[in-house]
Amino acid sequence: MSIPHTGAPDAGPLGSSEEGHIGAFASYSNPPSIWPDFLVGQAQAPVRVLVVDDDAHMRTVIAQELMADPRTLLVAQAGSLREARRLLRQQEVDVLLVDLNLCDGSGLELIRYAKTVRPSVEIIVISVMDTEQEAIRAFELGATGYLVKNSWFGNFAQAVLQVANGGASITPGLARRLLHSFDRVRTDGGARGMEGEKLSDREKEVLRMVANGYVSAEIGQRLAISSMTVNTHIRNIYRKLHVRTRAQAVSFASLWGLL
């Protein structure tokens, strides 16, 4: 059953003096006329989103875009870490959009908490900070998206739909720097380097199926191997990519171009 829209924007429409700052990030494009029925995010069952940012104007920008797309449903907004925790306990949420710098704590704390109370929730960071270290830390904690505020590349509804369907959404400029950073690490033979720790063809095959949402039993059935063997491959993937969850494995594999 679809949940009615709640959490209306708590600020007025964008004024002309503010549009130059983040107006370019709010692209109110209409959804495609044809949206495949096998994808998550249908008008009758939209992706439920919680937005957490202590900037009321930014919440308004995001809220307007999400409510303009029938495939996404804004279920609630929060301006603080404390309020976000309460809403996560009370609301059924598919995707969490969270700023890293909140008035009463760090968005990284909320990512960790969200994965505890809502293990299946997908998380997208929205932040003015675009350092590789912050992004990597967010991914390590379970985020699958990282959008840089004030970027010319931005579509919140599209980002939500991407992660809800097993993908990763990263501002292009940051993604490029992350790739260069990983390349340097590989060249230098650092801890995250994959020289000598490359995924096998079978491990890549399993990882692609994980990215498509299949569970171990389904992967085993499709590859004609046991669930135990699938789980062994997944453990090896975690070790080689230096990650702890399936979401992290998919995120890093997307960045490295393994999928």
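Per-structure values
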read-out: Residues satisfying the stated conditions in region 152-164, i.e. at pLDDT below 90 and more than 10 Å from the chain's Cα centre (by Cα); value: TRP152, PHE153, GLY154, ASN155
read-out: Inter-residue pairs, beta-carbon under 7 Å, first at pLDDT below 95 and assigned to a strand (DSSP E or B) and in region 49-78, second among the acidic types (Asp, Glu) and surrounded by fewer than 24 Cβ atoms within 10 Å (Cβ to Cβ), 6+ apart; value: none
read-out: Qualifying residue in region 27-38 (condition: aliphatic (A, V, I, L, M), modelled with pLDDT under 95, surrounded by 12 or more Cβ atoms within 10 Å (Cβ to Cβ) and not assigned by TED's automatic domain parsing to the domain that holds LEU102); value: no
read-out: Options LEU97, LEU73, LEU108; residue that is within 22 Å of PHE139 (Cβ to Cβ) and in contact with a strand residue (DSSP E or B) (Cβ under 6 Å, 6 or more places away or on another chain); value: LEU97
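The values are calculated or read from the model by the stated rules, or taken from the named source; none is laboratory data. The structure presented is a predicted model; accordingly, all values stated were derived computationally and were not measured. We place every Cβ from the backbone using ideal geometry, glycine too, and count neighbours over all the protein chains shown.
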